[in-house]
């Protein structure tokens with residue numbers, strides 16, 4: 001009877017040991033000066049890529065909240081401006097509601113984090129993958145989708161900003 005709880009604890013630890021994580025310092029590195037760049041997205045009706053100017057400002061919420069405001073701006077389409085609250089949860093294993101599945105670090109302090117989750121794309125069930133890439137003066141977020149019953153990932157959109 002006592003072996004089962006110990007086995008469950010061991011399995012939970014084995015699943016999280018060495019798991020890729022996002023840290024508060026990763027997110028804090030995005031704060032400060034405004035990011036300026038572009039958003040390129042695939043138009044649903046034509047399937048063609050469209051590129052528009054975009055800006056981003058990242059602001060921390062109250063200390064120790066593990067939450068940041070992402071303020072998106074579109075200078076040519078200000079009606080589309082928006083704010084997202086991005087959370088780091090589960091000890092850094094979840095970013096913005098999606099599981100962190102991969103992390104690589106550069107010797108220069110750069111990092112790349114990949115997240116995945118189930119969701120919907122174009123009103124169809126799909127896997128959603130986001131790739132976050134950060135360098136001192138560059139930040140990008142790429143969204144890819146894998147519709148249910150398909151084999152190939154499709155790039156839905158890509159933000160690329162610079163400082």
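Only the coordinates and a few stated rules stand behind these numbers; no lab work does. All figures in this text were calculated on a predicted structure; none of them were measured in a lab.
At 222 nm, what helix-only mean residue ellipticity would the chain give, in deg cm²/dmol to the nearest 500, using -39500 (n - 2.57) for each DSSP H run of four or more?
Numbers: 2 runs with 19 residues, N = 163.
Value at 222 nm, helices only, nearest 500: -3500 deg cm²/dmol.
Output the 0 to 90 degree angle, nearest 10, between the alpha-carbon long axis of helix 3-16 and the longest principal axis computed from the alpha carbons of the chain.
For helix 3-16, the angle is close to 30 degrees.
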